[in-house]
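Read through the structure below, which is laid out as structure tokens, and then see the notes.
The values are calculated or read from the model by the stated rules, or taken from the named source; none is laboratory data. Predicted, not measured: the structure shown is a model, and the values here were computed from it. Every residue, glycine as well, gets a Cβ built from its backbone with ideal geometry; the counts of neighbours run over all protein chains shown. Heavy atoms of the whole protein, side chains included, go into the accessibility calculation; ligands, DNA and RNA do not. Shrake-Rupley method; radii C 1.70, N 1.55, O 1.52, S 1.80 Å.
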Amino acid sequence: MNTVNVIIGIIMVLSFFGLVWYCVKGYNLMVGFFFMSVLWTGIALIGNAITPNSAMEGKSVIDVITNVFQTGPENYGKSILVNIFFGAFFGRVLIDTGIAATLIRKVVELGGDKPRITMSLLCIVTAVIFTSMTGIGPVISIAVIVLPIMLSLGIPSPIAMFSFMGSIMAGLFGNIVNFKQYHAIFVTANESFANYDYNTYFKFGMVGLIVSLIVVLVVANIAMNKKKISHSWAAVADDGNATDAPAISWISVILPVIAVIAFDIPIILAFIIAGLYALLTCGKLKGGITNISRMLSKQFTDGAIDVAPMIGFLLTLAMFNNAANYVAPYFKALLGNVIPSSALMICILFAICTPLGFFRGPLNLVGCGAAILAVVVSTATWPVQFLYPLFAVTTVAPQHLDITQSWVAWGFGYTKVSTKEYMKMSIPTGWIIGIILCAIVFVMYGHLV
């Protein structure tokens with residue numbers, strides 16, 4: 001084992017924990033990932049000057065710098081950002097037409113004054129909505145309707161916030177935009193993974209959604225047994241739109257998923273078709289071409305604003321992902337013998353280590369996980385059908401229950417819930433989900449390894 005590579009590997013691991021600390025402290029992630037991209041690229045270049053780095057073979061210093069700071073963001077923008085923008089446009093349409101609010105109102109009417117039933121129904125609808133919607137703007141727009149309803153029914157605020165955030169997390173297991181985002185990271189690690197598509201992943205995505213939602217609701221109900229129901233919020237949600245959207249429009253919530261799965265329609269076109277269907281069935285395509293064009297332009301602009309805070313972060317994350325490929329040989333020198341080569345053992349390892357996906361940790365693809373992915377890919381020939389769901393488990397569940405997630409952080413201010421109360425439920429829940437779903441990954445895909 002090359003001593004230089006091991007020493008550099010130790011330095012990389014220390015910087016790794018430095019990034020985790022940075023995330024836990026709640027500092028700006030865009031700045032943090034840019035700094036890490038500079039640091040890791042610099043260390044990799046120095047290491048290559050001492051002893052050849054296989055990831056830099058045949059590349060000049062300028063080639064490496066260009067790949068990290070130019071090619072990375074360019075490729076990410078081409079492969080994922082356009083999907084995010086059109087997904088945000090569709091989310092804005094669901095909000096502006098009142099479709100999302102109508103579904104929530106109907107659920108409340110169905111659940112009546114039974115807190116547990118209403119909470120469960122609200123969580124189910126929220127999970128379904130977020131198979132298509134994404135971004136902090138849509139989350140807040142739904143939260144200011146759902147959370148006051150839960151609180152007015154006497155559900156304690158920590159449980160209300162946890163169950164709502166958990167239902168979003170469950171929905172994101174099946175979210176098309178999130179799939180494309182994580183898939184782009186996989187392609188960066190190994191170009192042969194490019195052929196893996198949402199249709200192939202869909203079955204596991206739905207399993208992940210159902211399992212996660214069940215676990216969240218079980219934990220929430222157990223927590224309610226320990227707390228006295230108190231009607232602390234007398235006011236119900238003001239959704240700003242008292243008129244119900246027509247029943248025929250409700251299917252638009254899952255129309256993008258149906259279009260992609262059933263008809264192989266491209267994701268962007270699926271969002272456009274679903275958005276236009278929602279507007280048409282809600283009677284919004286009236287007033288002449290000028291007014292319609294102005295409305296569509298505003299909805300796209302509002303959608304772009306909704307996701308704007310995450311765009312800079314995602315572009316610097318793309319830099320970090322490319323930098324991770326250059327430091328992977330150093331991580332491999334230090335950790336390569338730790339990574340199992342059998343499907344069963346790596347599923348057990350990921351199940352045990354699922355909490356390392358919290359705080360943007362080493363098993364979180366939208367965090368430090370890009371480097372670990374590069375190491376795992378280099379240790380054996382893993383089929384993407386097996387590896388992608390495994391990393392999806394340790395990314396989706398911990399990240400979207402995590403206090404570093406933007407809308408979770410917003411929720412603390414809105415509900416006045418303490419982070420300690422929330423994490424008592426969120427971290428065990430994320431771990432339980434990880435254990436169950438890693439076992440399911442092995443059952444569904446372990447035979448492919």
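Can you compute log10 of I(q)/I(0) for segment 338-449 with the Debye formula, treating each Cα as one identical point scatterer, at q = 0.13, 0.14 Å⁻¹?
Values, matching the q order: -0.48, -0.55.
In percent, how large is the relative contact order of the chain, given Cα pairs closer than 8 Å and 6 or more residues apart?
Values: 652 pairs, mean separation 116.3, N = 449.
Reported as a whole number, the value is 26 percent.
Using a Gaussian network model of the chain with C-alpha springs under 10 Å, which one of Pro398, Pro355, Pro246 is most mobile by mean-square fluctuation?
Pro246
Quantify, in whole percent, the carbon and sulfur part of the accessible surface of segment 306-449 (1.4 Å probe; protein heavy atoms only).
Details: 3270 of 4600 Å².
Percent of accessible area from carbon and sulfur atoms in segment 306-449: 71.
Once you have all Cα-Cα distances for segment 127-220, histogram them in 10 Å bins from zero and send the whole-percent values.
Reading upward from the zero bin: 16, 39, 29, 12, 3, 0.
How about Lys114: which lysines have a C-alpha closer than 18 Å to its C-alpha, ignoring those fewer than 8 places off in the same chain?
Leaving aside lysines fewer than 8 places away in the same chain, those within reach of Lys114 are Lys106, Lys226, Lys227, Lys228.
How much area per residue is accessible in segment 255-365 when the probe is 1.4 Å and only protein heavy atoms are counted (Å²)?
Working: 4650 Å² over 111 residues.
Value returned for segment 255-365: 42 Å² of accessible area per residue.
May I ask you to give the solvent-accessible area per residue for segment 11-151, in square angstrom, as obtained with a 1.4 angstrom probe?
Details: 5600 Å² over 141 residues.
Per-residue value: 40 Å².
In the Gaussian network model of the chain, springs joining C-alpha atoms below 10 Å, which of Ser293, Ser37, Ser167 carries the largest mean-square fluctuation?
The residue that fluctuates most here is Ser293.
Could you check the spin-label model distance between Ile65 and Ile258? Points 7 Å from the Cα along Cα→Cβ, value in nm.
Each label point is offset 7 Å from its Cα along the Cβ direction, giving 5.3 nm.
Quote to one decimal, in nm, the extra length available between Thr381 and Thr200 on full extension: 0.36 nm per residue of separation minus the C-alpha distance between them. Don't skip to the answer; put the middle values down first.
Numbers: separation 181, 0.36 × 181 = 65.16 nm, distance 1.90 nm.
Residue separation times 0.36 nm, minus the Cα-Cα distance, leaves 63.3 nm.
Rounded to the nearest 500, what is the 222 nm mean residue ellipticity of the chain from helices alone, with -39500 (n - 2.57) per DSSP H run of 4+ residues and division by all residues? Write out the running numbers ahead of the final one.
Working: 19 runs with 320 residues, N = 449.
Mean residue ellipticity at 222 nm (helix-derived): -24000 deg cm²/dmol.
Compute the angle between helix 115-129 and the longest alpha-carbon principal axis of the chain, please, reported from 0 to 90 degrees and rounded to the nearest 10.
Approximately 60 degrees, to the nearest ten.
Using the Karplus curve 6.51 cos²θ - 1.76 cosθ + 1.60 with θ = phi - 60°, what ³J(HN,Hα) values do you get for each residue of segment 392-400, in whole Hz, with x for Gly and Pro?
Each residue's phi maps through the Karplus curve to give 4, 4, 7, 9, 5, 5, x, 4, 8 Hz.
Val218 to Ile7: FRET efficiency via 1/(1 + (r/R0)^6), r the Cβ-Cβ distance, R0 45 Å, to the nearest 0.05?
Values: r = 47 Å, r/R0 = 1.05.
It comes out at approximately 0.45.
Residues of segment 368-417: accessible area per residue at 1.4 Å, in Å²? Don't skip to the answer; put the middle values down first.
Numbers: 1080 Å² over 50 residues.
I get 22 Å² per residue for segment 368-417.
State the percentage of accessible surface on segment 38-104 attributable to carbon and sulfur atoms; use a 1.4 Å probe and exclude ligands, DNA and RNA.
On the way: 1690 of 2700 Å².
Summing carbon and sulfur atoms, their accessible area is 63 percent of the total for segment 38-104.
I need to check one value: relative contact order of segment 101-237, counting alpha carbon pairs closer than 8 Å and at least 6 residues apart, in percent.
Working: 152 pairs, mean separation 46.7, N = 137.
Once normalised by length, the contact order is 34 percent.
Under a plain spin-label model, where a point goes 7 Å from the Cα along Cα-to-Cβ, how far apart in nm are Val82 and Ile311?
Result: 1.5 nm between the two label points.
How big is the chain by Rg and Dmax over its Cα atoms, in Å?
22.3, 72
Residue by residue, what Karplus-based ³J(HN,Hα) values in Hz, rounded to whole numbers, does segment 432-446 have, using 6.51, -1.76 and 1.60 with θ = phi - 60° and x for Gly and Pro?
Values per residue, Gly and Pro as x: 4, 4, x, 4, 5, 6, 5, 5, 5, 4, 5, 5, 7, 10, x Hz.
Can you give the relative contact order of segment 8-150 as a percent, counting alpha carbon pairs under 8 Å and 6+ residues apart? Walk me through the numbers before you get to the answer.
Values: 59 pairs, mean separation 27.0, N = 143.
Taking the mean separation of contacting Cα pairs over the length of segment 8-150, I get 19 percent.
Hey, if we sort Met165, Met319 by accessible area with the 1.4 Å probe, largest down, what's the order? All intermediate terms of the calculation are to be shown ahead of the outcome.
On the way: Met165 0, Met319 30 Å².
Per-residue accessible area, sorted high to low, gives Met319, Met165.
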